[in-house]
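The values are calculated or read from the model by the stated rules, or taken from the named source; none is laboratory data. Model, not experiment: these values are computed from the prediction. Using ideal geometry, Cβ is built from the backbone for each residue, glycine included, and neighbour counts are taken over all protein chains shown. Heavy atoms of the whole protein, side chains included, go into the accessibility calculation; ligands, DNA and RNA do not. Shrake-Rupley method; radii C 1.70, N 1.55, O 1.52, S 1.80 Å.
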Amino acid sequence: MMTTRIEKDSMGELEVPASALYGAQTQRAVNNFPISGKTMPEPFIRALLLAKSAAAQANGKLGLLPLEMADGISGAVNQLLNEQNMMQHFPVDVFQTGSGTSSNMNANEVLATLASELTEQAVGANDHVNFGQSSNDIIPSCIHISAAIELDKQLLPGLRHLLQVIKSKANEVDRFVKTGRTHLMDAMPVRMSQSLLSWASQIEQNIELIEGIRPKLQSLAQGGTAVGTGINAHKEFAAEFSRQLSNVTGLAFTPADNFFSHIGTQDIAVSLSGQLKTTAVSMMKIANDLRWMNSGPLAGLGEIELEALQPGSSIMPGKVNPVIPEAAAMVAAQVIGNDSAITVGGQAGNFELNVMLPMIADNLLSSITLLANVSYLLADKAIASFKVNEAQLQKALARNPILVTALNPIIGYAKAAEIAKKAYKEGRAVLDVAEEETNISRDELERLLDPAKLTLGGV
């Protein structure tokens with residue numbers, strides 16, 4: 001039998017587990033929202049705790065909290081952040097009140113308990129830990145704070161690593177020429193490095209666009225309190241809060257230019273999610289190119305051989321599948337789905353408050369984590385380690401009638417098309433057919449139809 005204690009809030013008394021650091025409001029949320037069994041993401045809770053510490057220090061510096069109490073709240077935050085099982089104290093479901101009030105009060109109650117023990121005085125969840133704050137400004141702020149930290153610590157390093165590996169592999173495979181494909185049909189030849197550098201360009205653009213949104217993401221609603229007017233917060237609280245938080249995180253956080261928009265909307269989170277979706281689309285493209293190039297090994301393209309990581313079938317011995325690109329494709333699909341949910345959530349800004357904040361936070365952080373983790377896997381276990389099947393590349397190139405495109409300026413489109421169709425029909429090399437059908441010498445044809453030369457462009 002679980003032992004309990006009685007806690008009290010503005011709605012009355014309630015039984016709470018005797019060992020719990022939280023109080024009645026958290027327990028009410030646990031009772032009210034048995035929905036997904038999924039609690040708020042740990043990066044969000046960590047951001048919330050850092051925000052509580054920054055708020056306490058700001059209020060202490062502004063003379064609104066005793067310094068001993070402010071330090072006690074910050075000490076409680078540090079204690080939690082260093083606790084191995086920290087998340088046991090934060091049991092509230094993601095699907096809760098749309099403002100995230102339950103998660104805010106969960107943090108307030110836990111910190112009040114610990115700070116009271118540290119300072120040996122009564123620290124109140126609402127009156128002290130939550131001083132100068134509202135769920136309506138701290139939860140939107142923590143969406144921004146947690147996303148900014150995870151971009152800095154996880155996603156951007158992951159994308160930069162992926163970019164570096166792609167560029168390095170492109171340099172390694174530059175000598176290989178392969179059949180280009182449009183509409184999945186044979187087209188003019190390309191260097192394998194050109195295909196990879198196209199991927200690199202995609203990732204580089206995504207990095208630049210994500211970097212571009214960071215200043216907006218690092219602007220915070222904190223200080224707007226309940227509706228954006230700043231009621232019950234010191235006039236200098238927002239600026240001091242941002243200074244305190246910036247010192248702790250190493251990121252440049254600033255107060256929002258307009259608190260009302262940061263509380264009533266989630267446009268910045270929606271915008272970031274849209275860029276994460278674009279990154280996911282890039283990942284899907286790269287993953288699918290790898291899968292197609294690896295297809296076979298006998299009945300597919302067989303241009304490359306991905307690293308064999310695990311048996312591919314429970315019934316077909318010897319089968320090996322492109323598991324990392326498949327995982328990357330599923331990540332991309334999930335991030336695209338997350339973006340749809342965030343987009344709907346962004347529409348829930350009714351007058352002075354958005355009321356889908358916890359769901360937006362959960363999906364945004366999920367997208368960042370998924371893309372970060374799969375960036376390293378795609379780089380290290382697919383791109384860096386694949387082997388090129390040069391014989392298969394040369395076999396396809398030699399029989400590619402589309403090479404005749406290079407003769408267009410000399411013999412015209414119609415004659416070139418005639419040669420290509422004959423080469424297709426007879427299954428012969430376009431070089432041999434062109435020698436028969438034109439007055440151009442074989443030596444000149446070999447020069448004109450050299451696949452490597454054709455990758456350089458020009459007339």
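Using only side-chain charges placed at the Cβ, +1 for Lys and Arg and -1 for Asp and Glu, the dipole size of the chain relative to its Cα centre rounds to 1260 debye.
Roughly to the nearest percent, how much of the accessible area of the range 169-301 is carbon and sulfur, given a 1.4 Å probe? Write down the numbers at each step before the final one.
Working: 3400 of 6160 Å².
The C+S portion of the solvent-accessible surface of the range 169-301 is 55 percent.
Axis angle, to the nearest 10 degrees, between helix 267-294 and the longest C-alpha principal axis of the chain: 30 degrees. Taking only protein heavy atoms and a 1.4 Å probe, the accessible area of the range 304-459 is 55% carbon and sulfur. Between Ser385 and Met330, full extension at 0.36 nm per residue minus the direct alpha carbon distance yields a gain of 17.7 nm. Estimated from helical segments only, the mean residue ellipticity of the chain at 222 nm is -18500 deg cm²/dmol, where each DSSP H run of four or more residues counts as -39500 (n - 2.57). Relative to the Cα centre, the charge distribution of the range 328-427, modelled as +1 at Lys and Arg Cβ and -1 at Asp and Glu Cβ, gives a dipole magnitude of about 880 debye.
Taking 19 Å as the straight-line reach from the Cα of Lys169, the lysines in range (excluding those fewer than 8 positions away in the same chain) are Lys178, Lys285, Lys381, Lys387. Just want the answer: with Cβ charges of +1 for Lys and Arg and -1 for Asp and Glu, which residue in Leu184, Ala122, Ser340 is farthest toward the dipole's positive end in the chain? Working it through, the farthest residue towards the positive pole turns out to be Leu184.
For the chain, the longest principal axis of the alpha carbon atoms and the long axis of helix 156-172 meet at an angle near 10°. Taking every protein chain into account, the accessible area of the chain amounts to 46 square angstrom per residue (probe 1.4 Å). Shown is the FRET efficiency for Leu251 and Thr4, computed with R0 = 30 Å from the Cβ-Cβ distance and rounded to the nearest 0.05: 0.15.
Counting only lysines at least 8 places from Lys52 when in the same chain, those with an alpha carbon closer than 22 Å to its own are Lys61, Lys153, Lys216, Lys235.
Principal-axis analysis of the Cα atoms of the chain puts helix 101-119 at an angle of about 60° to the longest axis. When only the Cβ of Lys, Arg, Asp and Glu is charged (+1, +1, -1, -1), the dipole of the range 390-455 relative to its Cα centre reaches about 260 debye. Contact order for the chain, expressed relative to its length and based on alpha carbon pairs under 8 Å spaced 6+ residues apart, stands at 16 percent.
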